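Trainee: This is the structure, below, for whatever I ask next.
The values are calculated or read from the model by the stated rules, or taken from the named source; none is laboratory data. Only a predicted model underlies this, so the values are computations on that prediction, with no experimental measurement involved. Glycine also receives a Cβ, built like all others from the backbone with ideal geometry; neighbour counts cover every protein chain displayed.
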Amino acid sequence: MTSVLQRAPCSLDTHGAQYLGCKPETVTIRKGHRKDGGHAAFVADTILDRDVKIPQRDSAVLRADIFRPKDAPGKLPVLMAWSPYGKTGQGFLTLHLVPGRVGVPQSRLSGYESFEAPDPAEWTARGYAVANVDIRGFFDSTGDIRWFGTSDGKDGYDAVEYIAELAWCSGKVALVGNSWLAATQRPPHLACITPLEGFCDFYRETLCRGGVPYTPFLGLFGKSCSSRNRKEDVMGMLDRYPLMNEYWEDKRAQIEKIEVPAYVLSSYSSGLHTIGSFRGFEEIPHQHKWLRVHPTFEWHDLYKSEVNDELQQFFDRYTKGYQNCWEQTPRVRVSTLAFNKADSSYTGAANHFSLTLSRSQNHIMNSVTGQYLGHALRYFYLSGDRSLNERPSSDEMTFSYQSDSLAMQADADGEGLRFEYTFKQRSYLIGYSKAILYMSCLEHHDMDVFVQLRKLDSKGKMLQNTNIPLTDISLKLSEAKIAKPIVPGEIVRLEIGLWPTGIVFEAGERLVLKIAGHHMCLAEFAPCRGGGGFQDRK
């Protein structure tokens, strides 16, 4: 059995923790109440049970703040937000860390919401209770901090079951947020889940994509873990166990065990969550699942009124039993990014596609026009003039680049290769892509290879959408299926799977394939950018 390293977390008194103290009490928040003048008001009289104890099977105790409408006519279903970020306005991570608050003005939210969680001021008015739970080890929840494994899922199971038995609860609990783990444990009172973007394999999708360690985000977040106890030292574990083993395998959610209906949200703009959202949807073993791929960022999408209207339909169906024809919702809805056009906006004349899935083929329909689109798998080949051609060349060619330049993660790439394809008519790139490359390194027995797809406008300008360049994936050669050192100078065939994307190209616009030895993505948080990235080391 793998021994787990631990280390000291940040104190609750650390600057930025915004610790509010442990104050078990029940208070009434009146309709119209504002946390301060800059926040949204509560729409309904609301009861707040603060710092509720949630006992765990091993005698640990989690703490939760639970909001519920005061004058509800009957028992209530609960939306449970399971989070390490700090409940009800506590914690280091807030929208203020992101430029422009991702388009979510402070006046849109009450300030009582947890990070990446529903706003209780809105959802109590919609007839739901909201439970913000601090997971094990964080703030006043007892025990040591454990990262994402089976034990975290078991804690979630215990929390669901305890909340479901509260006197005012209907016995129906929905999970809302970024975690799949509790659902894999199948708590009996779990009615449905809404994974609003979240990874399902911590090692493969976030920490070591393609076998290449990527630690800036975990370093940033690790520095903000506020606890009275100890925390699992994931960075130390990565140093000690860099390859997949039972420790890392335990941090892969067993999605195939999920039995309840699921509303899965995804986008193309998260370097942490995109692939986990798509994989999670694909691996859920039943058909009571829906995927919506939006063109913005997850935190922006979460607080849009029309999005919450639709989420309420889903919750009404599966926590209240309303026969509201939810099942007629298309199983998969995909939006595309135009980058330099207004139709990249979800609220404008966006390109939305409903995918009707069958065993034999996928039918893609434009949800606005009702037009079905032809679709096909396309192949492009590298050419000597640095273009992408639809037919392979008979000539053998060699290209080289400096593979050890710094990863700035600020859309300021160093050395690398790029190949371009110019579209002759409007075209859509939707779904997964793959790069097959034949590569060698003259000086080393291993190499890290990063591949990225970008879009150029008709004048050759590199475009961005929202806050990222598009799909970026990597492969460490020693982590590929060959799993052995290469001989310097030996040519090796690489298959590099790219994360899914949706891009619309007009005639004259170009698709760019970039190849480098470093991360080329634009990191979500500014502290993660720069040559070394943010580290959480002893």
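Trainee: Among the numbered conditions (1) of a type in the set (A, V, I, L, M); (2) surrounded by 22 or more Cβ atoms within 10 Å (Cβ to Cβ); (3) over 18 Å from the mean Cα position of the chain (by Cα), tell me where Ile193 comes up short.
Mentor: Here Ile193 meets the rest and fails (3).
Trainee: Let me ask something else. Is region 238-249 home to any residue that is surrounded by fewer than 22 Cβ atoms within 10 Å (Cβ to Cβ), closer than 30 Å to His189 by Cβ, among the basic types (Lys, Arg) and in contact (Cβ under 8 Å) with a residue 12 or more places away in the chain?
Mentor: No, there is no match, as no residue in region 238-249 is surrounded by fewer than 22 Cβ atoms within 10 Å (Cβ to Cβ), closer than 30 Å to His189 by Cβ, among the basic types (Lys, Arg) and in contact (Cβ under 8 Å) with a residue 12 or more places away in the chain.
Trainee: Conditions: (1) at pLDDT 80 or above; (2) surrounded by fewer than 20 Cβ atoms within 10 Å (Cβ to Cβ). Leu513 meets all but one. Number of the miss?
Mentor: Result: Leu513 passes all but (2).
Trainee: Go through region 60-73 and give me each residue that's of a type outside the set (D, E, K, R), modelled with pLDDT of 95 or more and surrounded by fewer than 20 Cβ atoms within 10 Å (Cβ to Cβ).
Mentor: Correct list: Ala60, Val61.
Trainee: Which of the following residues is under 30 Å from Tyr247 (Cβ atoms) and crowded, with 17+ Cβ neighbours inside 10 Å: Ala8, Ala17, Ala40?
Mentor: Only one candidate passes the filter, namely Ala17.
Trainee: Then there is this: Could you please tell me which pairs satisfy a Cβ distance under 8 Å, a separation of 6+ or placement on different chains, a first residue in region 105-118 that is at positive phi, and a second residue that is of a type in the set (S, T, N, Q)?
Mentor: From residues that are at positive phi, the pairs are Glu116/Ser83; Glu116/Asn178.
Trainee: What are the residues in region 140-159 that are under 23 Å from the mean Cα position of the chain (by Cα), more than 30 Å from Ala44 (Cα to Cα) and among the small types (Gly, Ala, Ser), if any?
Mentor: Gly149, Ser151, Gly153
Every residue, every condition in (1) part of a helix (DSSP H, G or I); (2) over 30 Å from Ser270 (Cα atoms), yes or no:
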position	(1), (2)
Val43	no, yes
Leu48	no, yes
Ile66	no, no
Ala72	no, yes
Trp82	no, no
Tyr85	no, no
Gly89	no, no
His96	yes, no
Arg101	yes, no
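Trainee: Exactly one of (1) under 26 Å from Arg108 (Cβ atoms); (2) more than 29 Å from the chain's Cα centre (by Cα); (3) outside any loop (DSSP other than H, G, I, E, B) is unmet by Gly37. Its number?
Mentor: With respect to (1) under 26 Å from Arg108 (Cβ atoms); (2) more than 29 Å from the chain's Cα centre (by Cα); (3) outside any loop (DSSP other than H, G, I, E, B), Gly37 is out only on (3).
The rows are residues; the columns are (1) at pLDDT 90 or above; (2) polar (S, T, N, Q).
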residue	(1), (2)
Leu238	yes, no
Pro242	yes, no
Asn245	yes, yes
Glu249	yes, no
Ser277	no, yes
Trp290	yes, no
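Trainee: Taking the conditions exactly as written (in a loop (DSSP other than H, G, I, E, B) and either outside the structural domain of Cys10 (by TED's automatic domain parsing) or more than 21 Å from Phe278 (Cβ to Cβ) (or both)), does Phe148 satisfy them or not?
Mentor: no
Trainee: Out of all the residues in region 413-443, which are buried (at least 18 other Cβ atoms within 10 Å of the Cβ) and in contact with a Pro (Cβ under 7 Å, 6 or more places away or on another chain)?
Mentor: Of everything in region 413-443, just one residue is buried (at least 18 other Cβ atoms within 10 Å of the Cβ) and in contact with a Pro (Cβ under 7 Å, 6 or more places away or on another chain), namely Cys441.
Trainee: If you don't mind, there's one more thing I want to ask. Scan region 233-244 and give yes if some residue there is small (Gly, Ala, Ser) and more than 19 Å from the chain's Cα centre (by Cα), otherwise no.
Mentor: yes
Trainee: Return the residue satisfying two criteria in turn: it lies in region 304-339 and is assigned to a loop (DSSP other than H, G, I, E, B) and small (Gly, Ala, Ser), and of such residues it is modelled with the highest pLDDT.
Mentor: Among those residues, the one meeting the criterion is Gly321.
Trainee: Gly137 is checked against (1) more than 24 Å from the chain's Cα centre (by Cα); (2) assigned to a loop (DSSP other than H, G, I, E, B); (3) over 24 Å from His33 (Cα atoms) and fails just one. What number does that condition carry?
Mentor: Among (1) more than 24 Å from the chain's Cα centre (by Cα); (2) assigned to a loop (DSSP other than H, G, I, E, B); (3) over 24 Å from His33 (Cα atoms), the lone unmet condition for Gly137 is (1).
Trainee: Determine which member of the set Ala164, Ala129 is within 22 Å of Thr46 (Cβ to Cβ), crowded, with 24+ Cβ neighbours inside 10 Å and among the small types (Gly, Ala, Ser).
Mentor: Matching residue, one of Ala164, Ala129: Ala129.
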